[in-house]
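Input: a single structure, listed below in structure tokens.
Where a number appears in this text, it was derived from the coordinates with a stated rule and is not lab data. Remember, it's a predicted structure, so these values are computed and weren't measured experimentally. Heads up, the Cβs are rebuilt from the backbone with ideal geometry, glycines too, and the neighbour counts pull from every protein chain shown.
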Amino acid sequence: MNLKQLKAVHLFITASLLFINNKSSFAQKFVLPVFPDTQVEVNQKPEMFYSQVNWLKQSKDSLNFPMVLHVGDIVDYNNFEHWDKASEGFDILDRSGLPYALALGNHDTYAVGEHSGSAAPGDVNANLRITTKFNDYFPVSRFTHQRGRYEEGKSDNAYYTFRAGGLYWMVVSLEFEARQGPIDWANKVIAEHPSYNVIIITHFHLTTKGTINQTNAGYGNLTNQAIYDQLIKVQPNILMVLSGHVGTSAWRIDEGVKGNKIYQVLQDYQGQDAGGGYLRLLDIDSKAGTIGAKMYSPYYKITKTDSSQFSFNDVTFITGKN
């Protein structure tokens, strides 16, 4: 074999390795797993919660998971025992190299007690913004795909990026019934990334009827409708909003001010068998323009066949990068 042929072989091998290493980024199909509220699992059936994270670890390559999302209420009570369990579970993902983004629910704050899910003494709105245990157990360093945050050293409101399906993606996590500051920050961050398909994860957005919640839950700041009006419908690259908090599955599609479709999905099964170990699996095909959704339980090894299984067709993804 002459020198020219050796160089050709070397280039071929190099290109092949690059393709293999980046195949999850360029494959048109991928699955985005979403944790509904895990609070009761962590409290009452931690084996159910651990079955979810172990399945994610085992399936990350075969199902092409670029990232894992959680819509909040990670724990039930704001105590060390519950945070220990949650941290141990996500440590399995840490060690497997599977990145994740966590939204904060009301139960993940000092708004609830250490030994019950009832409101803690004091100003419940002020307590809602105290998230010391969450940020101690989940420091910024654990979020390998986090690119920025509203408050330094705190992941209550943060944004993450990844590439999958040949597209650029951004996940923005927003605090429960957010303050005005994080909404202004999110508007700025999203506007600065026009070529990213944006997914908002926030604990409360849709009601059990699939309508946008009209209140601040009684102790938050902005209402969900205000957040929708000020942020979600304004930015043309917001594709999805994922939420939990109320126990069911629901979805709706709205049109943003620029004509873009906004797909909003609710998932929360905390009131059914502690959650049943269900994960929302979003099957995304960037070439076909589809998003399929189902609820799968690694604990029971079953997929729900009710209205929680649906699909969105003719989805317009943002392609390219400016």
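Things worth noting here:
- Members of the stretch 68-93 found to be of a type in the set (Gly, Ala, Ser), free of Cβ contacts under 8 Å to residues at least 60 places away in the same chain and closer than 21 Å to Gln267 by Cα, listed by number: Ala86, Gly89
- Among the residues making up the stretch 270-308, a single one is surrounded by fewer than 15 Cβ atoms within 10 Å (Cβ to Cβ) and touching a strand residue (DSSP E or B) at 6+ places or on another chain (Cβ under 6 Å): Thr303.
Here is a yes/no grid of residues against (1) more than 16 Å from Phe35 (Cα to Cα); (2) among the hydrophobic types (A, V, I, L, M, F, W, C); (3) touching a helix residue (DSSP H, G or I) at 6+ places or on another chain (Cβ under 6 Å):
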residue	(1), (2), (3)
Asp229	yes, no, no
Ile232	yes, yes, no
Asn237	yes, no, no
Gly259	yes, no, no
Ala288	yes, yes, no
Met295	no, yes, no
Thr316	yes, no, no
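- Single condition Ile200 does not satisfy, out of (1) touching a Phe, Trp or Tyr at 6+ places or on another chain (Cβ under 9 Å); (2) outside any loop (DSSP other than H, G, I, E, B); (3) buried (at least 23 other Cβ atoms within 10 Å of the Cβ): (1)
- Unique residue being within 22 Å of Ile190 (Cα to Cα) and either among the charged types (D, E, K, R) or surrounded by fewer than 17 Cβ atoms within 10 Å (Cβ to Cβ) (or both) when the list is Gln225, Gln235: Gln225
- Only residues that are exposed (fewer than 13 other Cβ atoms within 10 Å of the Cβ) and in contact (Cβ under 8 Å) with a residue 60 or more places away in the chain were counted in the stretch 309-322, giving 4.
- Every residue from the stretch 99-125 that is surrounded by fewer than 16 Cβ atoms within 10 Å (Cβ to Cβ) and closer than 16 Å to Pro182 by Cβ: Asn125
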